[in-house]
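Presented below is the structure to which this report refers.
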Amino acid sequence: KMQTTACEHLRYLVTSIKTCSTIVKLGGLKMIHISVNQHPRKTAFVAEAINLLLDLISANPSVIASIVQEGLLDLVIESMYSNGHNSRVQRASLGIFRALSYDFTKHSDIQNVKGVEGVIESMKRNPKKFDIMKDVCLILQNFLSNEERRQGTIELVTSLNVIPVVIDGMYANQDMGFLVAACGLLANLALDEDAKIAISDYVLSIR
């Protein structure tokens with residue numbers, strides 16, 4: 001409870017670059033690392049801790065370098081797996097990877113912790129949670145837009161059977177945000193011949 005309350009209070013304080021820098025300078029990232037390692041399955045706390053990281057990134061994107069250096073991306077991935085069906089943990093974690101994915105220079109940091117695989121597995125574990133599905137579709141789109149990462153991402157998407165999950169989700173849900181993200185992902189994939197075949201083969205197999 002104390003750890004959760006501390007993270008809640010620090011989130012309340014993250015209102016500017018200055019306070020963000022102060023939290024980092026005083027050891028806030030190390031505190032998160034130690035605490036989450038001690039309480040990896042306390043989902044309420046883990047969600048608050050990861051949301052604190054997301055708030056720090058939103059207030060001051062330059063803190064990303066410190067987050068990577070502290071090994072916190074590994075911690076986020078581990079938390080996604082150990083709290084695999086908890087929406088708060090998944091959404092906060094995906095929020096971090098989505099924020100990083102818009103900067104192509106950060107793609108190597110994401111992939112160094114097998115982040116693409118991690119977000120794909122999050123979507124596959126939660127195929128009816130369309131806020132999670134939407135975030136993953138957007139992250140994958142950003143990777144597909146990066147020429148250096150495009151082919152590797154296509155190979156992951158096809159080998160991990162992402163396409164059926166996305167198409168089934170489109171049949172099951174009318175949320176416009178998710179549908180736009182899903183169409184964007186499929187449109188990007190359809191530029192590749194192998195992925196195009198995988199899309200058409202699955203669509204034709206649906207009754």
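A few notes on this one:
- Per-residue [θ]222 nm for the chain (sum of -39500 (n - 2.57) over DSSP H runs n ≥ 4, rounded to 500): -24500 deg cm²/dmol
- Accessible area per residue for segment 96-205 is 46 Å², calculated with a 1.4 Å probe on protein heavy atoms, without ligands, DNA or RNA.
- Quarter of the Cα convex hull surface for the chain, i.e. its orientation-mean projected area (nm²): 11.4 nm²
- Rounded accessible area per residue of segment 1-74, 1.4 Å, Å²: 56 Å²
- Summed side-chain charge close to Leu73 - residues other than Leu73 whose Cβ falls under 14 Å, Lys, Arg +1, Asp, Glu -1: -3
- Put simply, the Cα atoms of segment 7-61 extend 31, 18, 17 Å along their principal axes, the longest span coming first.
- Segment 123-207 pair-distance distribution - Cα-Cα, 10 Å bins, rounded %: 18, 56, 25, 1
- Using a probe radius of 1.4 angstrom, the carbon and sulfur fraction of the accessible surface of the chain is 56%.
- Here the 3J(HN,Hα) profile of segment 81-95, calculated from phi with Karplus coefficients 6.51, -1.76 and 1.60 at θ = phi - 60°, is 6, 6, 10, x, 10, 8, 4, 5, 5, 5, 5, 5, 5, 5, x Hz, Gly and Pro shown as x.
The values are calculated or read from the model by the stated rules, or taken from the named source; none is laboratory data. Keep in mind that what you see is a predicted model, and the values were worked out from it rather than measured. Ideal geometry is used to build each Cβ from the backbone, glycine not excepted, and the neighbour counts take in all protein chains shown. For the accessible areas, the whole protein counts, side chains as well, though only heavy atoms, and no ligand, DNA or RNA atoms are used. Shrake-Rupley method; radii C 1.70, N 1.55, O 1.52, S 1.80 Å.
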